[in-house]
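Working notes, beginning with the structure itself.
The values are calculated or read from the model by the stated rules, or taken from the named source; none is laboratory data. Nothing here was measured: the structure is a model prediction, and the numbers come from that model. Glycine gets a Cβ as well: all are built from the backbone with ideal geometry, and neighbour counts include every protein chain shown. These area figures cover heavy atoms from the full protein model, side chains too; ligands, DNA and RNA do not enter into them. Shrake-Rupley method; radii C 1.70, N 1.55, O 1.52, S 1.80 Å.
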Amino acid sequence: MDGKVSLISAHTGFGKTTIVSEWIRQTRRPFTWLSLDEQDNDPIRFLTYLIRALQRIRQNLGESLLESLHAPQRKGSFTDQGGILEELVGEIGEIHPRFILVLDDYHVITNPAVQDILQFLLTNQPVSMHLVISTRTDPPWPMGRMRARKDVTEMRASDLRFTMQESVTFLNDRMGLGLSEQDVIALDTRTEGWIAGLQLAALSMQGQMNKHQFIENLAGSNRFISDYLVEEVLDKQPPAVQEFLLKTSLPAQINAGLCNELLARDDSQSALLYLEQSNLFLQSLDDDRCWYRYHHLFADLLRIKLQQTQPAGVAALQRC
């Protein structure tokens, strides 16, 4: 609660919504929660639902603003010149005590006009409000400046991954698998503490006679894991991003030069930065953002999909 914003940024299956819910329960502060979807890229719709969410903290907040937003002369468009947003910030500033506003699934917001609305709220954020953003991709904010000013507290995949003890508790106490310490270590290492991966592996192991052998063979080809990664990650990427992911999945480690060679292009550094900011299971191996690797299970899946969709090109990529 020290800064303006808490940013929880990680891709699917890392428990972002769960940890925010638990944190709010423990803070015992007033809060309101807005779960976003693609339709909220309309500025008027976004502001309408934002005001309705804030009314759970203070009844009748922004009623005149809602009337203005839906006035016939607007005809579905939003032009503000600071008027409505300034008034909204003023009304938020009158709320006491301090409260929490959660915007969940913020990655679905892609309209610059809606991004500008939130940027205005951030720039002029009243001290009465603490903003929590849960997202799969980093928002387009001046993160360097926000960090320097200590305006933002960040929680990322590396913070959300299960520790070894948490994996033991989940797999043996909650899922009742009765795994040995060696098997838990092997499974935790293979999934890299990815919570959804552990859960999907645990579901796959139920009824397995030889759980040790299952863990030894666990890969991105597991039908539960592959279906999840395809549906929630790969299929949601633009074709150009899918092509980049598939063709750079063969090496254990990648950098911009190697990716340029594999894809016959010269802009791979910006593509790698995009993947990193989008939390696409890409892990930086150094502080200079030079070398990267994919999550083990995600890399397995990408290699399988590459072999399935471009079998003739695999040998050529291996020769690079």
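Side notes on the structure shown:
- Matching residues, region 103-135, being touching a helix residue (DSSP H, G or I) at 6+ places or on another chain (Cβ under 7 Å), farther than 11 Å from Val5 by Cβ and among the aliphatic types (A, V, I, L, M): Val108, Ile109, Ala113, Val114, Ile117
- Selection within region 203-233 - modelled with pLDDT of 90 or more, surrounded by fewer than 19 Cβ atoms within 10 Å (Cβ to Cβ) and of a type in the set (A, V, I, L, M, F, W, C): Val230
- Just one of (1) surrounded by fewer than 19 Cβ atoms within 10 Å (Cβ to Cβ); (2) under 29 Å from Glu154 (Cβ atoms) fails for Ser64. It is (2).
- Considering residues of region 1-49 that are touching a Leu at 6+ places or on another chain (Cβ under 9 Å) and among the aromatic types (Phe, Trp, Tyr) only, the residue nearest to Ser278 (Cα to Cα): Phe14
- Any hit, region 67-81, residues being in a helix (DSSP H, G or I) and closer than 20 Å to Arg136 by Cβ: no
- Residue that is surrounded by 20 or more Cβ atoms within 10 Å (Cβ to Cβ) and in contact (Cβ under 8 Å) with a residue 24 or more places away in the chain, where the choices are Leu297, Leu317: Leu297
- Residues satisfying the stated conditions in region 128-157, i.e. polar (S, T, N, Q), in contact with a Phe, Trp or Tyr (Cβ under 8 Å, 6 or more places away or on another chain) and in contact (Cβ under 8 Å) with a residue 60 or more places away in the chain: Ser134, Thr135
- Residue ranges of helices (runs of 4 or more DSSP H) in region 194-242 with at least 1 members in contact (Cβ under 8 Å) with a residue 60 or more places away in the chain: 195-205, 223-232
- For region 155-170, a residue qualifies if it is open to solvent by less than 60 Å² (accessible area, probe 1.4 Å) and not polar (S, T, N, Q), and the qualifying residues are Arg156, Ala157, Leu160, Phe162, Val168, Phe170.
- Tally, over region 235-285, of residues that are within 18 Å of the chain's Cα centre (by Cα), crowded, with 19+ Cβ neighbours inside 10 Å and closer than 14 Å to Leu306 by Cα: 1
- Single residue of region 92-107 satisfying the filter (open to solvent by less than 20 Å² (accessible area, probe 1.4 Å) and outside any strand (DSSP E or B)) that is nearest to Ile19 (Cα to Cα): Tyr106
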